[in-house]
Amino acid sequence: MEAILDFVNSSGFALFAQGDNWKCLLMLVIACALLYLGIVKKFEPLLLVPIAFGMLITNLPGAEMYHEIFFAGGHIHWDLIGGAPVTAEFLAELKAVGVADAVLATATAGQSITPGLIDILYLGVKLGIYPCLIFMGVGAMTDFGPLIANPKSLLLGAAAQLGIFMTFVGCRLSGIFSSAQAGSIGIIGGADGPTAIYGATKLAPELLGPIAVAAYSYMALVPVIQPPIMRLLTTEAERKIVMKPLRQVSKTEKIIFPIMVAVFVALLVPSAAPLIACLMLGNLFKECGVVERLSKTVQNELINIVTIFLGVSVGATATGRTFLSLQTIAIMVMGIVAFGFGTAGGVVLAKIMNLFLKEKINPLIGSAGVSAVPMAARVSQVEGQKANPSNFLLMHAMGPNVAGVIGSAIAAGVMISLFG
């Protein structure tokens, strides 16, 4: 009988009734809501589903798959992962650097913690491996031809990064976040999940969970968030503007482009080099025509495997102990602000450029400067056809769209250089 009672008391069902595990129950509800959005509504399912499932399993009491103490204070504590016991001095050091009491309460002096599955997978996030590998896959699936054919679209991609810097300013003025935290939150405005994760691991690892959830949730909601802003900032006549077909880009240009960009950006912003180098290497695989096997692997098997590991491990960082806080609510609010300013920045610059250009640009393509590829470009296409059914803006919008990928990585590199 005693053995049965011990089993019951050690089960996750019994643990729900202890301490603040009601937070875990609430996180399970949030995880199920995200699963609903990913599976039923098909909002960015390739990432939202694994992130939501990671959030689900990490909030099951007793599962012990992820231990925040291993990564507390923004560093990987390799000695603890290797089996070294937690010491009172170690806990005191973490408390001194501002680690939350809820995280410190998960370990006691003299305790040795066995790493869980998510602890091991999460190392790829902390070491900056997964975001870079995903960028390699994105590069292999991206056609930079529209950007090469219309270099002006690079300006639109740059203007759409306004959301990053406006959000940074807003976060700092709020008094809730430090400069490093504000920089990592601002990157959400680039609408680029891997870049947001990469920036958070370098600048504010303690906020990685809410930043990742906000970044991918809002990426999935681009078709909902952007259209009202686009219509508000443009007239019907502007939305009806028809753009001429782009010129044909040669294979030589497509091969030279990733090499030049990798060299230039790495020299300009060295902290962005890992992301840009992987992005351009993947694109070079695609365009050079002599490594078809590598290109197919990067586009399919590699990016799919890494997406699973990244999504599940990032979702697992959203524990009830740390996710349910004022900071998380502020991050979600600032994420909306970031997307709004990013969308507006591209549209407004396109309108300004039209004051000086003989061949007018449809301002709707400016909104595609956020780097949600190719979703943002499709939104520009849909809104353009609503105003003029014969309009075809998709390829024109892809220029700012892929420029936004480069721009968000550079902006993240700037933030890391300044505050990392």
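Looking across the range 277-325, the residues that are within 29 Å of GLY209 (Cα to Cα), out of contact with any Gly (no Cβ under 8 Å at 6 or more places or on another chain) and aliphatic (A, V, I, L, M) come down to ALA277, ILE305, ILE308, LEU324.
Please tell me if GLY110 is modelled with pLDDT under 95, under 30 Å from ALA350 (Cα atoms) and among the small types (Gly, Ala, Ser). So GLY110 does not fit the description; no. Give the residues of the range 106-125 that are surrounded by 18 or more Cβ atoms within 10 Å (Cβ to Cβ) and in contact (Cβ under 8 Å) with a residue 60 or more places away in the chain, sorted by residue number. Scanning the range 106-125 gives ILE118, LEU121, TYR122, VAL125.
In the range 268-289, is there at least one residue being free of Cβ contacts under 8 Å to residues at least 24 places away in the same chain, more than 24 Å from ALA411 (Cβ to Cβ) and under 24 Å from the mean Cα position of the chain (by Cα)? No, the range 268-289 contains no residue that is free of Cβ contacts under 8 Å to residues at least 24 places away in the same chain, more than 24 Å from ALA411 (Cβ to Cβ) and under 24 Å from the mean Cα position of the chain (by Cα). Exactly one residue out of PRO194, PRO146, PRO210, PRO151 is in a helix (DSSP H, G or I) and either surrounded by fewer than 24 Cβ atoms within 10 Å (Cβ to Cβ) or in contact with a Lys or Arg (Cβ under 7 Å, 6 or more places away or on another chain) (or both): that is PRO146.
Residues in the range 91-105 that are among the aliphatic types (A, V, I, L, M), part of a helix (DSSP H, G or I) and within 16 Å of SER325 (Cα to Cα) were compared, and the one that is least open to solvent (accessible area, probe 1.4 Å) is VAL103.
LYS360 - would you say it is surrounded by fewer than 20 Cβ atoms within 10 Å (Cβ to Cβ) and in a helix (DSSP H, G or I)? Write out each step before concluding.
Numbers: surrounded by fewer than 20 Cβ atoms within 10 Å (Cβ to Cβ): yes; in a helix (DSSP H, G or I): no.
So LYS360 fails the test.
For ALA262, indicate whether it is in a helix (DSSP H, G or I) and buried (at least 24 other Cβ atoms within 10 Å of the Cβ). For ALA262, the condition - in a helix (DSSP H, G or I) and buried (at least 24 other Cβ atoms within 10 Å of the Cβ) - is not met.
The values are calculated or read from the model by the stated rules, or taken from the named source; none is laboratory data. No experiment lies behind these values; they were computed from the predicted model shown. Because the Cβ atoms are built from the backbone with ideal geometry, glycine has one as well, and the counts that use them run over all protein chains shown. Ligands, DNA and RNA are stripped out before the accessible areas are found, and what is left, the full protein with its side chains, is counted by its heavy atoms. Shrake-Rupley method; radii C 1.70, N 1.55, O 1.52, S 1.80 Å.
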